[in-house]
1. Calculate, for residue 230 and residue 163, the FRET efficiency according to 1/(1 + (r/R0)^6) with r their C-beta to C-beta distance and R0 25 Å; round to the nearest 0.05.
2. Which percent of the accessible area of region 1-104 is formed by carbon and sulfur heavy atoms (probe 1.4 angstrom)?
3. Sort region 1-114 into rounded, prolate or oblate with this rule: let a ≥ b ≥ c be the square roots of the eigenvalues of the Cα gyration tensor; rounded if a/c is under 1.5, and if a/c is not under 1.5, prolate when a/b is larger than b/c, oblate otherwise.
4. Can you tell me which of 379-389, 76-86, 6-16 comes out highest on packing, and rank the rest after it, using the mean Cβ neighbours within 10 Å?
5. Please give the length that would be gained between residue 6 and residue 116 if that part of the chain were fully extended, namely 0.36 nm times their separation in residues minus their C-alpha to C-alpha distance (nm, one decimal).
6. Just going by the charge dipole of region 68-187, with Lys and Arg at +1 and Asp and Glu at -1 on Cβ, which of 157, 184, 77 is farthest out on the positive end?
7. Set the Förster radius R0 to 56 Å, insert the Cβ-Cβ distance between residue 181 and residue 15 as r into 1/(1 + (r/R0)^6), and round the FRET efficiency to 0.05.
8. Can you tell me the FRET efficiency between residue 57 and residue 82 if r is taken as the Cβ-Cβ distance and R0 is 51 Å, rounded to the nearest 0.05?
Amino acid sequence: MTLDEMNPRHAQPTKSLEESIAAILDASAPKLLRLAKSIAERGLNPTELIVVMPDGDLNIVLEGNRRVATLKLLHQPSLAPTEQLKRKFAAIAASGEVPRRVQCVVAETRQQAAPWIKLRHTGENDGVGVVRWNSAEASRFGGRSNPTEKARLLTDAVTAWFADDAELLADVAAVRENRITNLGRMIGDPDVRGRMGISFDGDSIVSDFPKERMRQILARLFHDLAGSVSVDKIKSKRQRTNYLQQVEDDLPKLADRLDEPQRFSSTVPSKNDEAVETDEPSDSATTKTPRRKRPDFEKRLFQSVSLRNVSLRTSEVFQEAKRLSIDEMPNVAAIMVRIVVDIVVTDAADQLGWKRGQNDLKGRIGAALHQVDPTQDNPTLSDAWRFSQKDEGALVLKTLHQFVHSWQSNPLTAEVRKLSLAYGPLLTHIDELIEKKKR
């Protein structure tokens with residue numbers, strides 16, 4: 001398969017594969033690098049097929065030249081015109097799985113493919129072509145991305161959680177009808193969400209506290225917004241901070257945090273209310289212990305980890321980091337992997353009196369590993385040993401440093417997940433060791 005030397009994206013026809021790739025990169029190398037990351041992480045978009053035309057022993061790409069060029073660069077980075085681009089494509093290729101087979105549509109001639117390619121690239125064409133979503137449609141698909149949609153999702157959750165509380169539901173209805181943008185302004189503030197213990201993940205709302213512990217602050221918030229708290233009182237960041245201080249006694253307490261957050265979706269039952277599954281058919285004579293569906297890992301940083309024995313400040317930083325969506329904030333999540341691992345091993349060293357090997361991060365992690373796995377035979381810690389103590393592989397310790405100190409480093413979500421999964425068991429074992437030593 002080769003690129004089209006008559007690609008309409010080129011101002012002039014190209015004369016070789018290398019020249020075609022150089023022309024595409026010259027038009028927008030950053031976009032092609034982002035496409036490469038997406039392909040390495042998720043594969044090719046199955047809703048958009050590549051169109052090719054046979055020409056002797058070759059198949060010329062008529063539609064999908066950017067995608068095919070990206071695949072060729074991932075499999076053969078030497079095709080890139082500069083050393084810097086060669087290194088970047090090679091690094092991306094090493095971080096994920098790059099498809100080797102591509103599903104295509106075969107057109108006998110350019111003329112046969114032309115009407116379809118034109119529709120693909122020239123807009124709606126009175127409804128015959130691709131009709132783009134408006135902002136509301138995109139918001140609904142994108143997971144309640146704007147504050148007002150998030151506010152509506154919160155009202156759905158509160159209505160479901162507290163169906164027996166007529167007074168609260170009356171306030172919720174009033175806010176939904178008349179003050180929904182005010183609620184959106186409040187929960188659009190990350191400090192408000194963090195202090196209330198809620199976050200949003202796609203079309204779901206996630207609570208760090210049991211709903212019973214949330215009732216007091218939610219009742220207060222909806223009562224205030226339905227009544228005396230107008231937009232003029234919560235418009236600025238400072239005003240919202242002042243409001244949080246006023247309702248401090250109504251906020252849930254850190255000690256009440258759930259080991260695993262509960263989830264609510266307006267279309268899917270929340271985790272606490274979902275139907276349970278069993279692996280075997282029902283038997284009227286035998287009672288089977290139900291088993292819940294396993295949650296998806298790792299959408300969030302250190303999603304399956306719970307720390308109960310670290311210091312309060314470490315716990316607060318860790319809980320805030322756990323609210324980070326890896327897909328939505330890969331750069332911040334990558335930096336926080338480094339920070340969380342460092343403060344937890346440092347906290348443990350301070351609490352337990354470890355004195356040796358504390359001069360750098362490698363030493364601090366190594367000291368922790370030797371304490372929790374002295375014989376190095378715990379399989380759950382093998383990646384932590386390998387990534388932090390050995391100079392091999394794509395995710396050695398210097399990768400964590402690059403995430404923080406090198407702005408040429410662009411972390412992939414797949415890398416962040418691997419690091420979160422690698423160091424998560426170490427954090428758990430450290431927390432257990434602190435508890436054991438304290439007894």
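The values are calculated or read from the model by the stated rules, or taken from the named source; none is laboratory data. Only a predicted model underlies this, so the values are computations on that prediction, with no experimental measurement involved. Please note: Cβ atoms are built from the backbone with ideal geometry, for glycine as well, and neighbour counts cover all protein chains shown. The protein model used for the area step is the full one, side chains on, heavy atoms only, and it has no ligands, DNA or RNA in it. Shrake-Rupley method; radii C 1.70, N 1.55, O 1.52, S 1.80 Å.
1. E(calc), rounded to 0.05, equals 0.30.
2. Details: 2860 of 5880 Å².
The computed percentage sits at 49.
3. Verdict is oblate for region 1-114.
4. 379-389, 76-86, 6-16
5. Working: separation 110, 0.36 × 110 = 39.60 nm, distance 1.70 nm.
Contour length minus Cα-Cα distance gives 37.9 nm.
6. It is 77.
7. Numbers: r = 57 Å, r/R0 = 1.02.
With a Förster radius of 56 Å, E is 0.45.
8. 0.95
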